[in-house]
Amino acid sequence: MPTIDPPLALLAELTHRCPLACPYCSNPLNLERAAGELSDQDWRRVLAEAAALGVLQVHFSGGEPMARRDLLALIGAANGLGLYSNLITSGTLGGAREIDAFAAAGLKHVQLSFQDFTAENGDRIAGLAGGHDRKQRFAEAVRAAGLPLTLNMVVHRQNLDGVPDMIEMALELGARRIEIAHVQYYAWALRNRAALLPTRRQLDQATEAVEAARARLKGVLTIDYVVPDYHGVRPKSCMSGWGRQFINVMPSGTAVPCHAAETLPGIAFPSVRNSSLSDIWHRSDAFNRFRGTDWMAEPCRSCERREIDWGGCRCQAFLLAGDAGRTDPVCTLSPDHGVVEAALQEAEGAPPAFVYRRFSAAR
Amino acid sequence: MDRFVVSDSSVLSFAPHIVFRFDEVRQRWIILAPERLMLPDEQAVEILKLVDGKTGVSAIVDSLAARYDQAPRDLIAKDVTTMLQDLADKGCLAGADD
């Protein structure tokens, strides 16, 4: 067994509560209610264990992490442990007062989501009236507090044509970085796939716009953009490989190698309620299950990209091919690739209505 | 905002919220940036240790040229400027009076 490197980052999913109802939410379909969330003390212990294990960055996420009243204290605790902290927020709960306090407590960066560049379509996608305007004010507060700002734009067929305007909005709001992230099809997004998957033509136009803006804005705005895996040839290196860099702790305390992993059957995911982060990382069956390359079957096993792609995504293999141990079906070498081609075919038709992410629609 | 262009006369410092530190767990120098970790090589670490918001680029080159006297100063200057420009483009370094 090769040595296991320490994780780089902890994704702290503090809560599933959120004012938004985005139909591509990466949270699971069975949302955790407030009563099932870890306590403030649990999280402080997890942060201390993470720092000792070698974690360098902590991403406070959710749901909407600002729905937790103890967020300020947790940011302070992370900072005190030398963890570099990042807030991933919708910017719809709170404003300048909270942001100033977070900055004073040692927060290093804010990643703020927008659903589109117009209030009309942004609010429609988020299922929240007035959300877009609140986000703009939130962005101003982040910059006023002197914190670096990244805009996160999740893109899909119902907003992808606006990519050039999204980049302009990022410049206007003083962001130094914009992440243009294609929807990934798990959980709510998979349920809404036919409404979200872009056409090939849309995608090519957006990719061209990104490449032109990158050249024009070098040193001014960093644009993170990856072509979506359904339209690609080889799979994404999901989480940079199972159990290689990331540890994700869900609101309930369940620890997973990626936010969607809990959907995989036959794996008992450990909980920080009764295991240390170090035991979870090094010794749990769940984190070792798809670590490295020993688990791979063909065509991955002999593929020259096996330590680049790490077999793609285990959750996607399960969701699309019914077996988490198979090659990610988005890979054109996968024997299951036909299911991806069928979905792309479907995307050329008219999109159905959204199923919004709400507790009432959860299962 | 315009792109910051590194020249001989630039005086640089780490941008606010960039952390350049030694990591005890990995026993190496690291740069922590928003949602990003950079692992500078040995040569870059020696340069970055001289970035203090006071020392100009030409003085950094002088100091390295004195230490590595086999390498021509021009070559060192080119390497240093390229490395610093790359980090400035990534938002890690800024002009000291910005």
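Readers should treat all values here as calculations from the given coordinates under stated rules, not as data from a laboratory. Every value quoted in this text rests on a predicted model; they were computed, and no experiment measured them. No Cβ is skipped: glycine too gets one built from the backbone with ideal geometry, and neighbour counts run over all protein chains shown.
Quick notes on this one:
- Selection from A:Ser302, A:Pro335, A:Gln316, by position along the positive dipole direction of the range A:299-360 (Cβ): A:Gln316
- Cα→Cβ-extended label distance, 7 Å offset, between A:Gln345 and B:Glu24, nm: 6.0
- Taken about its Cα centre, the protein assembly as shown carries a charge dipole of about 920 debye when Lys and Arg each add +1 at the Cβ and Asp and Glu each add -1 at the Cβ.
- Choice from A:Glu168, A:Glu262, A:Glu49 with maximal GNM fluctuation in chain A (Cα, 10 Å cutoff): A:Glu168
- This ranking places A:Ile4, B:Ile47 by how few other beta-carbon atoms lie within 10 Å of each, fewest first, which gives A:Ile4, B:Ile47.
- Cα pair count fraction exceeding 25 Å, expressed as % - chain B: 17
- Cα convex hull, the protein assembly as shown: 154 Å³ per residue, rounded to a whole number.
- Of A:Arg326, A:Arg283, A:Arg291, A:Arg69, the sequence from fewest to most neighbouring Cβ atoms within 10 angstrom is A:Arg69, A:Arg283, A:Arg291, A:Arg326.
- Förster radius 22 Å - calculated FRET efficiency between A:Val226 and A:Ala297, Cβ distance, rounded to 0.05: 0.25
- Distance-filtered residues of the range A:67-104 - backbone nitrogen under 13 Å, label point 7 angstrom along A:Ala34 Cα→Cβ: A:67-70
- Each Lys and Arg Cβ is given +1 and each Asp and Glu Cβ -1; about its Cα centre, the range B:12-91 then shows a dipole of about 160 debye.
- Placing unit charges on each Cβ (+1 for Lys and Arg, -1 for Asp and Glu) gives the range A:1-133 a dipole about its Cα centre, and among A:Leu112, A:Gly36, A:Thr89 the Cα reaching farthest toward its positive end belongs to A:Gly36.
- The length gained on full extension between A:Glu140 and A:Ala212, counted as 0.36 nm times the residue separation minus their Cα-Cα distance, comes to 23.2 nm.
- For the protein assembly as shown, share of DSSP beta bridges that run antiparallel, in % to the nearest 5: 30
- Dividing the Cα radius of gyration of the range A:223-318 by its Kirkwood radius returns 0.99 for Rg/Rh.
- Residues of the range A:126-162 with amide N under 14 Å of the 7 Å Cα→Cβ point at A:Arg200: none
- Farthest towards the positive end of the charge dipole of chain A, among the residues A:Gln205, A:Gly162, A:Leu128, is the Cα of A:Leu128, using unit charges on the Cβ of Lys, Arg, Asp and Glu.
- Here A:Glu120 and A:Glu168 are evaluated by their C-beta separation; at R0 = 25 Å the FRET efficiency comes out at 0.90.
- B:Asp52/A:Arg273 FRET efficiency (R0 30 Å; Cβ-Cβ; nearest 0.05): 0.05
- Distance between the range A:229-246 and the range B:42-98 - C-alpha centres, whole angstrom: 35
- Centre-to-centre separation between the Cα atoms of the range A:1-73 and those of the range A:257-278: 13 Å.
- Proximal charge balance of B:Cys92 [Cβ under 11 Å; K/R count +1, D/E count -1]: +1
- As a proxy for reagent exposure, B:Asp41, A:Asp5 were ordered by neighbouring Cβ count within 10 angstrom, fewest first; the result is B:Asp41, A:Asp5.
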